[in-house]
Amino acid sequence: MLHYDFMQHAFIAGTIVAIMCGAIGVFVMARGLSFITHSFSHIGFSGASFATYVGWDPLEGLLLFTTVGALAIGRMGVKFFRREASISVMLSVFLGLGILFLSLSTQSGSFTSTILFGSVVGISSRDVWVIVVLTVVLLCLLTLGYKMLKFDSFDPVGAEAAGLPIRFISVAFLLLLSIGVAEAVQIVGALLVFALMTIPASTARHITQSVFKMIVVSAVLAVLGIWVGLTLSYMTNAPVSFYITAFEALCYFLALGWSSLKAKFQPIGT
Amino acid sequence: MIENFSVDHIDVYINGEKILDNLSFSVQPGEMLGIIGPNGAGKSTLLKVILGVIKPQNGTVEMTHSDTRPIVGYVPQSRAIDEEMPIQTWDFISLGLPHRIRPWLTKKDRILIKETMELTDTSRLAKKSIGKLSGGEKQRVFLAQALVRNPDVLLLDESTANLDPKAQEEITSLVQELCTEQHISTLFISHDIHLVAKYAHRVLYLTRGHYSVGRAQDIIENANMDVLYQPQHVHDALQTSVENRRYGG
């Protein structure tokens, strides 16, 4: 399987994107941004469609739309976009825009399917390099801002009282998230970014006791999901995204069951 | 140690309504100033002004330190913490350390956290998840997080309000001890007149648009507390305060 170039690219790009999604996903969960992440992927879909319409690379359109979306959300306030109604309006409008741009362009239906559901097998060596560079930059920024981001994500009241620039942290994180989503859309597709950004982190929450361990476990689970997905997809010809989400969901329910059992049999007062 | 901490002639309007009117007072290093007053009198607003979260329309908050920028610690009544998130007490307290780009903790940081946990009697909770702690334990952890910064000024916003009387006493007494030892200027808001009378060196009584500052017994005696508290409670509190001061209780 690994003697094919396209599988090598898929494994390298998939692993890198999974590490990034696993790490950033912990803060997505802590900050309650899972549905905003989902909105970003829809914004990204319309961005990729727009890029196709004007003759750009889809990643350029993805990055343009998601980063502008992040700045708009940051400017208007995350609270506004957490509202159920706001999210459903955004999802619908951007999905509609994506369909409009696609209908105006000359792209075939397979392109739509690639953007919506991802295509790990169609990644070129140039794509791999772009993904590597973006992920390294993103992880470096996440490491540099780790302490402040952790404080603001896990104890927002304390962070504000300690004089942290909470508005700046919020907008900066949304920008990082938008770049992460733009990268991941190419691998797992707009509809499943949500899965890779939230399920491994949710699973890790049930089996770890510290934030750092949660990041490590979440990244490991995301990487395992990509590896399992690629391998099974290669063997069976079924879509890779199905295996990734099925694996992550299985891990989640196992962790949930284990955590419930642990709580049930834990002696009172410990 | 802080050299000067004073609030000078501040006015604060919220939604066009004057909440604080020409308010001035100062707090000495190691002094505990109790803040009392009815709901909506501007007690929490005052703490937010000191924290820099709300800017006063007029007046200033002066804080000067002998060597560096003064550090303010804050303990609110409650915190929006997701109890499902796996953050251990030790990790939670470390969040309060002064912020540097370095993502890891140094040996000095670890010693500081350990000492703060010993001071606040939270060492035994180090490995426990914050969501699994009782109300009293959580308040001790919040206090530890504020103290780990080595603050010059400590602000407590009804931080013991949700606790039983025994836990309230324990925590307020601990705060008083630490503030005196470490020369921290402390402002604490409470609706419990007994607690304020017993532990505050001075009291700031705020009502909408008016205020008075002075010794606990003088303020409680002169202020019109009937609106706020049962007269019998005020009398009892005053009695306890006077007796404590007389007999060193």
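The values are calculated or read from the model by the stated rules, or taken from the named source; none is laboratory data. This one's a predicted model, so the numbers in the text were calculated from it and none came from an experiment. Neighbour counts run over all protein chains shown; Cβ positions are idealised from the backbone, glycine included.
Going through the stretch A:135-153 one residue at a time, which ones are surrounded by fewer than 19 Cβ atoms within 10 Å (Cβ to Cβ) and more than 9 Å from chain B (Cβ to nearest Cβ)?
Listed by number, the residues that qualify are A:Val136, A:Val137, A:Leu139, A:Cys140, A:Leu141.
Considering A:Ala222, A:Ala263, A:Ala249, which residue is closer than 30 Å to B:Thr89 by Cα, loosely packed, with under 15 Cβ neighbours inside 10 Å and away from chain B (no Cβ under 14 Å)?
A:Ala249
Does the stretch A:155-167 contain any residue that is at positive phi and outside any helix (DSSP H, G or I)?
yes
Answer yes if at least one residue in the stretch B:113-122 is surrounded by 15 or more Cβ atoms within 10 Å (Cβ to Cβ), under 18 Å from A:Met148 (Cβ atoms) and either in contact (Cβ under 8 Å) with a residue 12 or more places away in the chain or more than 21 Å from the chain's Cα centre (by Cα) (or both), and no otherwise.
Yes, that holds for at least one residue.
When you go through (1) more than 27 Å from A:Val228 (Cα to Cα); (2) in a helix (DSSP H, G or I); (3) modelled with pLDDT of 85 or more one by one for A:Gly32, which number turns out not to apply?
Every listed condition holds for A:Gly32 apart from (2).
Just one of the numbered conditions (1) in contact with a Leu (Cβ under 9 Å, 6 or more places away or on another chain); (2) in a helix (DSSP H, G or I); (3) over 18 Å from A:Gly32 (Cβ atoms) is not true of A:Val217; which one?
Unmet condition: (1).
Among (1) surrounded by fewer than 22 Cβ atoms within 10 Å (Cβ to Cβ); (2) more than 13 Å from chain A (Cβ to nearest Cβ), where does B:Ala80 come up short?
(2)
Suppose we filter the stretch B:86-134 for residues that are part of a helix (DSSP H, G or I) and more than 8 Å from chain A (Cβ to nearest Cβ); how many remain? Break it down stepwise before answering.
So in the stretch B:86-134, the residues part of a helix (DSSP H, G or I) come out as B:89-94, B:107-119, B:123-125, B:130-132.
Within this subset, residues satisfying the condition of being more than 8 Å from chain A (Cβ to nearest Cβ) are B:89-90, B:93-94, B:107-119, B:123-125, B:130-132.
Counting residues in the stretch B:86-134 that are part of a helix (DSSP H, G or I) and more than 8 Å from chain A (Cβ to nearest Cβ) gives 23.
Please count how many residues of the stretch B:135-160 are more than 12 Å from chain A (Cβ to nearest Cβ), under 12 Å from B:Pro76 (Cα atoms) and not in a helix (DSSP H, G or I).
Of the residues in the stretch B:135-160, 2 are more than 12 Å from chain A (Cβ to nearest Cβ), under 12 Å from B:Pro76 (Cα atoms) and not in a helix (DSSP H, G or I).
Taking the stretch B:37-54, which residues are more than 14 Å from every other protein chain (Cβ to nearest Cβ) and assigned to a loop (DSSP other than H, G, I, E, B)?
Result: B:Gly37, B:Pro38, B:Asn39, B:Gly40, B:Ala41, B:Gly42.
Looking at B:Leu105, B:Leu133, B:Leu112, B:Leu95, can you tell me which residue is closer than 20 Å to B:Lys166 by Cβ and outside the structural domain of B:Lys166 (by TED's automatic domain parsing)? Before the answer, list the steps.
Numbers: B:Leu105 fails: closer than 20 Å to B:Lys166 by Cβ; B:Leu112 fails: closer than 20 Å to B:Lys166 by Cβ; B:Leu95 fails: closer than 20 Å to B:Lys166 by Cβ.
Result of the check over B:Leu105, B:Leu133, B:Leu112, B:Leu95: B:Leu133.
For the stretch B:10-17, does any single residue satisfy the condition of being assigned to a strand (DSSP E or B), surrounded by 13 or more Cβ atoms within 10 Å (Cβ to Cβ) and in the same structural domain as B:Lys198 (by TED's automatic domain parsing)?
no
Keeping to the stretch B:176-221, report how many residues are assigned to a helix (DSSP H, G or I) and in contact with a helix residue (DSSP H, G or I) (Cβ under 7 Å, 6 or more places away or on another chain).
Matching residues across the stretch B:176-221 total 13.
Quick test for you: out of B:Leu133, B:Leu147, pick the one residue that is touching a helix residue (DSSP H, G or I) at 6+ places or on another chain (Cβ under 8 Å) and either of a type in the set (Asp, Glu) or more than 24 Å from B:Pro29 (Cβ to Cβ) (or both).
Unique residue meeting the criteria: B:Leu133.
The rows are residues; the columns are (1) more than 25 Å from A:Leu2 (Cα to Cα); (2) over 13 Å from the mean Cα position of the chain (by Cα); (3) in a loop (DSSP other than H, G, I, E, B).
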{"position": "A:Phe151", "(1), (2), (3)": "yes, yes, no"}
{"position": "A:Ile169", "(1), (2), (3)": "yes, yes, no"}
{"position": "A:Ser178", "(1), (2), (3)": "yes, no, no"}
{"position": "A:Ile187", "(1), (2), (3)": "no, no, no"}
{"position": "A:Ala195", "(1), (2), (3)": "yes, no, no"}
{"position": "A:Ala201", "(1), (2), (3)": "yes, no, no"}
{"position": "A:Leu224", "(1), (2), (3)": "no, yes, no"}
{"position": "A:Met235", "(1), (2), (3)": "no, yes, no"}
{"position": "A:Phe247", "(1), (2), (3)": "no, yes, no"}
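Restrict the check to the stretch A:154-166 and report whether at least one residue is more than 9 Å from chain B (Cβ to nearest Cβ) and modelled with pLDDT under 90.
Taking every residue of the stretch A:154-166 in turn, at least one turns out to be more than 9 Å from chain B (Cβ to nearest Cβ) and modelled with pLDDT under 90.
Of all residues in the stretch A:87-122, which are in a loop (DSSP other than H, G, I, E, B) and out of contact with any Phe, Trp or Tyr (no Cβ under 7 Å at 6 or more places or on another chain)?
Residues satisfying the conditions are A:Thr106, A:Gln107, A:Ser108, A:Gly118, A:Ser119.
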